[in-house]
1. Output yes when any residue across the stretch 74-81 is away from the ligand (no atom under 16 Å from the Cβ), surrounded by fewer than 18 Cβ atoms within 10 Å (Cβ to Cβ) and outside the structural domain of residue 212 (by TED's automatic domain parsing), and no when none is.
2. Could you please give the count of residues in the stretch 257-294 that are under 24 Å from residue 81 (Cα atoms) and within 16 Å of the ligand (Cβ to nearest atom)?
3. From the list 195, 184, 171, pick out the single residue that is under 17 Å from residue 254 (Cα atoms), modelled with pLDDT of 95 or more and not small (Gly, Ala, Ser).
4. Has the stretch 220-232 got any residue that is more than 22 Å from residue 293 (Cβ to Cβ), surrounded by 15 or more Cβ atoms within 10 Å (Cβ to Cβ) and within 22 Å of the chain's Cα centre (by Cα)?
5. Any idea which of 174, 192 is touching a Lys or Arg at 6+ places or on another chain (Cβ under 8 Å), among the acidic types (Asp, Glu) and within 16 Å of the ligand (Cβ to nearest atom)?
6. Could you pull out the residue among 84, 92 that is under 27 Å from residue 306 (Cβ atoms) and away from the ligand (no atom under 16 Å from the Cβ)?
7. Just one of (1) more than 9 Å from the ligand (Cβ to nearest atom); (2) touching a Pro at 6+ places or on another chain (Cβ under 8 Å) trips up residue 224, so point out which.
8. Checking residue 297 against (1) within 15 Å of the ligand (Cβ to nearest atom); (2) on the phi < 0 side of the Ramachandran plot; (3) out of contact with any helix residue (DSSP H, G or I) (no Cβ under 7 Å at 6 or more places or on another chain), which test does it fail?
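The values are calculated or read from the model by the stated rules, or taken from the named source; none is laboratory data. Treat the numbers as computed from the prediction; the structure is a model and nothing was measured. Counting neighbours? That spans all protein chains shown, and the Cβs are built from the backbone with ideal geometry, glycine included.
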Amino acid sequence: MRIVFFSTQVYDRESFLALPRLQNAEFIFQQPKLTLDTAVLATGAEVVCAFINDDLSAPVLERLAANGTKLIALRSAGYNHIDLEAAQRLNLAVVRVPAYSPHAIAEHTVALILALNRHLTRAYNRTREGDFSLRGLTGFDLVHKTVGIIGTGQIGAAFARIMAGFGCRILAYDPYPNPEVIALGASYLELDTLLAQSHIVSLHCPLSPATHHLINAGSLSRMQPGSMLINTSRGALVDTPAVIEALKSGHLGYLGLDVYEEEADLFFEDLSDFPLQDDVLARLLTFPNVIITAHQAFLTREALNAIASTTLDNISAWAAGHPQNLVRLETGS
Ligand code: NAD
């Protein structure tokens, strides 16, 4: 069985090769992203292993199926980037890694909050220049602040536990309230009420037609002046030009992003030798109260190991005829 891995970095190869080899499996690690042009690299591969910014639209899936692919093994929890209708029509099975380390993403979310609140990037740059002044570095205590969590599944719940540990009041919005989050003392509210009451709003729901641009000019206007918005979930949950307007007016106090709507052509690459072509991202990067990381919340040793081992288990279970972690069109999971 030939398995072609797209969008691989050194750390992906290391985590897969550290595990016991699948019997009769040939691993081919490709650095390029999967696109209509690179799909040819998977010719003859029964299994294509893809990541979040790979193109899994109908034309690409059609090309893969025509070249002999039978299984798409996603190395991610999110599956908003695959055309499930086309996969079903082409008899392509799709599996994913439903949970690898919710802690990795939750902890990175907290890192963004602390870095923004305590102006760590500014302080770091200042002390390296010999500037030991504190002007402009005033933060706020997290204890007793209100944190609004949108989406309280595995990651949202892990984040809620950490913020409860800081002594924050937790508000939540999710169509399916999580008893574990309620046990932390959280109140489930309507979205607008959560936005109006929170000092920090953090997004942990999946991207779907219902959540596309969940944060837009209207929802931003309902947030408290000076509040903080964190998105470590999916870029298109946020209408970026609307966020830029809210930052320019000063209404939005802080923004922490690990994901960006147009990240597919940018993130995971070293583009530092080239002029940045994305004017929206370029504008975002000018604000002192914005921190952007390039979709690295998942990047811990524990998460990489769990992604690799669940992916290999998914592939062997499928090869043995009893697939697990299937993503189905009718249920969406
Ligand atoms: P999960 O399925 O455990 O939880 C998602 C929660 O969102 C569920 O409780 C669901 O009921 C809720 N939800 C669905 N629609 C909603 C809506 N309209 N409004 C509010 N809540 C809604 O998923 P998870 O493992 O916690 O992951 C959450 C998201 O985090 C993923 O979908 C993915 O997009 C993102 N993620 C990002 C990274 C990263 O590296 N930055 C890594 C993994 C996952």
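1. no
2. Residues in the stretch 257-294 being under 24 Å from residue 81 (Cα atoms) and within 16 Å of the ligand (Cβ to nearest atom): 14 in total.
3. Checking each option against the conditions leaves just 195.
4. The answer is no, given that none of the residues of the stretch 220-232 is more than 22 Å from residue 293 (Cβ to Cβ), surrounded by 15 or more Cβ atoms within 10 Å (Cβ to Cβ) and within 22 Å of the chain's Cα centre (by Cα).
5. 192
6. Selected residue: 92, the only one of 84, 92 that is under 27 Å from residue 306 (Cβ atoms) and away from the ligand (no atom under 16 Å from the Cβ).
7. So residue 224 meets the others, but not (2).
8. Tallying (1) within 15 Å of the ligand (Cβ to nearest atom); (2) on the phi < 0 side of the Ramachandran plot; (3) out of contact with any helix residue (DSSP H, G or I) (no Cβ under 7 Å at 6 or more places or on another chain), residue 297 fails exactly one: (3).
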